[in-house]
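For reference, the structure is listed below as C-alpha cells.
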Amino acid sequence: MMVLVINSGSSSIKYQLFNMKDRTVLASGLLEQIGEKASRLKHRTRQENGEMEALVQTDPVTDHIKGFDKILGVFASTGALKDSDELFGIGHRVVHGGETFHKPTLITSAVIETIREQIPLAPLHNPPNLLGIEVTFARRPDIPQVAVFDTAFHQTIPPQAYWYALPYELADSLHIRRYGFHGTSHQYVTKAAAQYLQRPLEELNLISCHLGNGASVCAVRDGKSVDTSMGMTPLEGLIMGTRSGDIDPAVIFYLSRKTGKSLDELDALLNKESGMKGICGVNDMREIEDLAAAGNERARLALDMYCYRLKKYIGMYAAALGRVDAVIFTAGVGENSDLVRARACADLSLLSIILDEQKNKEHASGLSEIQAKDSPTKVLVIPTNEELEIAEQTVLCIQGSENN
Ligand code: AMP
C-alpha cells in the first residue's frame, strides 16, 4: 500500500513516498525554484539494501503541473513506483484549516473551495498548499487524496484558551482566535510517547515542545490539545528563528508611528527579521550556540531569551494541566540541542521536572528518556515525523470513507 505525501510551497514541492505495510520511505525529494530557469530536483530512492540513492536534475520546470508530472516521472524511471495507479492515496499538508476542518478530509471540489475560503487566515501558507492540491487533483482525480491540516489537532482547545480578549462580536465575525499549528508533529510525538510509555494516550498529560525553525509548545490533557503557544497565525508564542513570538501588541503601533513602515513591512519585520535573527543576526541554532560559546554577547542574549521564554511556557502549561506525565522535546533544536533542553528544564523541580544532565548530553538520536531517576515527570526526546503522520492519517481517512 503506497502513499505519496506532498507539501507544496509557492515555488517548491517536497514529497515522500511511503510503503505503508512497513512504513518505509521508498523515495523522497524536493523540487525547488519552480518557474525559474534552473529548477532543481533532489530525489532519493531506496535501494534493495535499504540505502538511499540520490539523484539531482536541474532543468526548467515552468509550473506545479509540470512539477507533479516530473515527480511521477522520476518515480517511474527510478523504479520506486512502476505505475502511479499503484498509489493508494495522496496526502497533502495544509497549514490552516480554520474552524471548518477538525480532521483529515477527503478532497473533493467542494473541499477545495472551502480551503480557498480559509486563505485570508493564512495568506502566505494556504495558497501554495492549495495549488499543490488543485494540480494533483486535476491530474489524478482517480487517486483518493486527503488534506491534513496543521491546525486540526488543536480544535479540541477549549474557548477559555482559544479566544483573545477582543470585543467578542468582532472577534467572532472575523474568526479571530487561537488556531495553533504544528498539529501533525505534536500529534505524532504524543502518540509515540504513549506507545513508548505503554500507556493509553487518553490517560496522558503531556507538554510537547516542537522546536524547529518555527517553534511551538502544546499542552495535552488526556491525549487532546488543550492549549498551544501559536495563535491565529504562527507568529505568536516562543521566540523562533526569524519570528518574534509574543510581544506587546502596542509595539506594532509604536513602530508604525516611529518608522512610518507600512503594515506589510511590519508583518515582514516580525515574521522574517525578528526572533533569533533579529537579536543576534543568525537564525541557525547550531551557529548561535557556537557564537555564544565563543563569547558573542548577542548570541548569548538570544539564547538566554529563547530558553527563558520556553521555560515560561513549560511552567504555564504545567499550571494549566495540573499533572504532567512527560515533557517532550522534538524537531531540529528539540532533538539535537542538549543545551536548550537543559536550560529549559533547569530548576523545574518545583514542577516535578528534573533532568539527568549526563543522559541529556549523551542523547544522540532516536527516542530516549533524559529525566533523573527521582524525577516524577518524564522528559523524552522524540524525533518527529510529520510526513509519516500525514501518510497514516491519509490511509485512515480513505479507509474510513470506504467504510461509510
Ligand atoms: P527544523 O525546522 O525542525 O528542521 O529545525 C531547524 C533548526 O534546528 C535550526 O535552527 C537548526 O539550527 C537546528 N538544529 C539542527 N541540528 C542542531 C544541533 N545539532 N544543535 C542545535 N540546533 C540544531
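Where a number appears in this text, it was derived from the coordinates with a stated rule and is not lab data. Every value quoted in this text rests on a predicted model; they were computed, and no experiment measured them. Every residue, glycine as well, gets a Cβ built from its backbone with ideal geometry; the counts of neighbours run over all protein chains shown.
Key figures
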quantity	calculated
Among Leu238, Leu124, Leu31, residue whose mean-square fluctuation peaks in a GNM of the chain (springs only between Cα atoms under 10 Å)	Leu124
The stretch 324-374 versus the stretch 93-110: alpha-carbon centroid distance in Å	34 Å
Within the stretch 1-51, trypsin sites (Lys or Arg not before Pro) in DSSP loop having at most 15 other beta-carbon neighbours inside 10 Å	Lys21, Arg23, Lys37
Ratio Rg/Rh, restricted to the stretch 1-141 and using Cα atoms, in which Rh is the Kirkwood radius	0.98
Net dipole in debye of the chain [+1 Lys, Arg Cβ; -1 Asp, Glu Cβ; about Cα centre; nearest 20]	480 debye
Residue-wise HN-Hα coupling along the stretch 322-336, computed from phi with Karplus coefficients 6.51, -1.76, 1.60 (Hz; x: Gly, Pro)	x, 10, 10, 7, 7, 9, 10, 10, 8, 6, x, 6, x, 7, 10
Among Ile247, Ile239, Ile176: highest mean-square fluctuation, GNM of the chain, C-alpha pairs under 10 Å	Ile247
Estimated 222 nm signal from helices in the chain, with DSSP H stretches of n ≥ 4 weighted -39500 (n - 2.57), rounded to 500	-12000 deg cm²/dmol
Prolate/oblate/rounded label for the stretch 124-203 (Cα gyration tensor, a/c 1.5)	oblate
Theoretical gain in end-to-end length, Leu263 to Tyr168 [0.36 nm per residue, Cα-Cα removed]	31.8 nm
Pairwise FRET efficiency - Asp246 versus Asn403, Cβ, R0 = 41 Å, nearest 0.05	0.40
Calculated P(r) tail over 31 Å for the chain, as whole % of Cα pairs	42 percent
Within the stretch 48-114: Cβ-based charge dipole about Cα centre, in debye rounded to nearest 20 (Lys, Arg +1; Asp, Glu -1)	240 debye
Rounded to whole Å, sorted largest first: equivalent-ellipsoid semi-axes of the stretch 9-69, Cα gyration tensor	25, 13, 7
Cβ-based charge dipole, the chain, positive-most Cα from Leu130, Ile65, Pro376	Pro376
Set Lys21/Lys82; Lys14/Lys272; Lys21/Lys70; Lys258/Lys312; Lys312/Lys361; Lys42/Lys66 screened for pairs whose C-alpha atoms are more than 19 Å apart	Lys14/Lys272; Lys21/Lys70; Lys258/Lys312; Lys312/Lys361
Residue range of the chain that is longest and free of GluC sites (Glu not before Pro) which are both DSSP loop and sparsely packed (at most 16 other C-beta within 10 Å)	100-272
Rounded to the nearest 20 debye, dipole of the stretch 265-404 from Cβ charges on Lys, Arg, Asp, Glu	580 debye
Global form of the stretch 262-404, assessed from the alpha-carbon gyration tensor, a/c cut-off 1.5	oblate
Where labels lie 7 Å past Cα in the beta-carbon direction, separation of Thr58 and Leu350 in nm	5.5 nm
Fluctuation leader among Asp22, Asp284, Asp246 - the chain, Gaussian network, Cα springs under 10 angstrom	Asp22
